[in-house]
Amino acid sequence: MLNIEDFCEQWNKEVQITERVLNALTDASLKQSITEQHRSLGQLAWHLVMSIQYMSMLSLSFEGPSREQKIPDSASVILDSYRGVSRAFTDAVKSQWTEKDLYVSHDIAGEAWRNGESLQFLIVHQAHHRGQMTVLMRQAGIRIPELYGPTYDTWIDKGMDPLV
Ligand code: NI
């Protein structure tokens, strides 16, 4: 990421997609997992909230849930937390950084990462976990909203045969 405006534009689109996914969750669905050893839908959803909060490691100051906070068992609480932390983070990037800050490095898990790389990682990492979530959502019998295009459910809505 070489430009704060470009990041915010892309990030805001990604946030909207994530909000659609989180908005589709039900409280009962949060327990859905492939096996008990794997992360549940609720754990993955909360991981997306906390991965934004983790960006405070990049010398950004913004409000978000504490790491000690228990994972909420309410889908609407997770959505509200996501909305709050994603907006606070975006405001912090816009108001606390200039383009030069994108080249500043921070130690992330023992490696030096430029902030621009961390922003790119945030987007890709979120998309990765969102993909995992949609599989669990399907298993939980939830309608899948449109992410990057139609899903099985929205093809049906449009009176089309879902593509295979
Ligand atoms: Ni992760």
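The values are calculated or read from the model by the stated rules, or taken from the named source; none is laboratory data. Here the structure is a predicted model, which is why all the values come from computation and not from measurement. All Cβ positions, glycine included, derive from the backbone under ideal geometry; neighbour counts span all protein chains shown. With ligands, DNA and RNA removed, areas are computed over all heavy atoms of the protein, side chains included. Shrake-Rupley method; radii C 1.70, N 1.55, O 1.52, S 1.80 Å.
A simple spin-label model places the labels of Glu63 and Val124 3.3 nm from each other, with each point 7 Å out along Cα-to-Cβ.
Note on the chain: lysine pairs with Cα distance below 25 Å, sequence gap of 8 or more or different chains, count 4. A simple charge model with +1 on the Cβ of Lys and Arg, -1 on the Cβ of Asp and Glu and nothing else charged puts the dipole of region 8-164 at about 160 debye relative to its Cα centre. Against the chain, whose longest principal axis is taken from its Cα atoms, helix 41-53 shows a tilt of about 20°. In the context of the full set of protein chains, region 13-164 has a per residue accessible area of 56 Å² (1.4 Å probe).
Sorting Leu163, Leu147, Leu25 on solvent-accessible area from highest to lowest, probe radius 1.4 Å, gives Leu163, Leu147, Leu25. With springs connecting C-alpha atoms under 10 Å apart, model the chain as a Gaussian network and identify which of Val93, Val85, Val124 has the largest mean-square fluctuation. Ranking Val93, Val85, Val124 by mean-square fluctuation puts Val124 first. For the chain, the residue among Gln53, Gly141, Leu102 whose Cα projects farthest onto the positive side of the dipole built from Cβ charges is Gly141. Carbon-plus-sulfur accessible fraction, the chain (probe radius 1.4 Å, protein heavy atoms only): 52%. Taking trypsin sites (Lys or Arg not before Pro) as exposed when DSSP calls them loop and at most 11 other C-beta atoms lie within 10 angstrom, the chain has its longest site-free stretch at 71-157. Relative to the longest principal axis of the Cα atoms of the chain, helix 75-96 runs at roughly 30 degrees.
Computed 3J(HN,Hα) for region 64-72, one whole-Hz value per residue from the Karplus formula 6.51 cos²θ - 1.76 cosθ + 1.60 where θ = phi - 60°, is x, x, 7, 5, 7, 4, 5, 5, x, glycine and proline marked x. Annotation for region 1-59 versus region 122-164: alpha-carbon center distance of 15 Å.
Helix 4-24 and the long axis of the chain differ in direction by around 30°, with both axes built from C-alpha atoms. Amide H to amide H distances under 5 Å link Ile108 with Trp113, where only residues 5 or more positions off or on other chains count and H is placed in the peptide plane.
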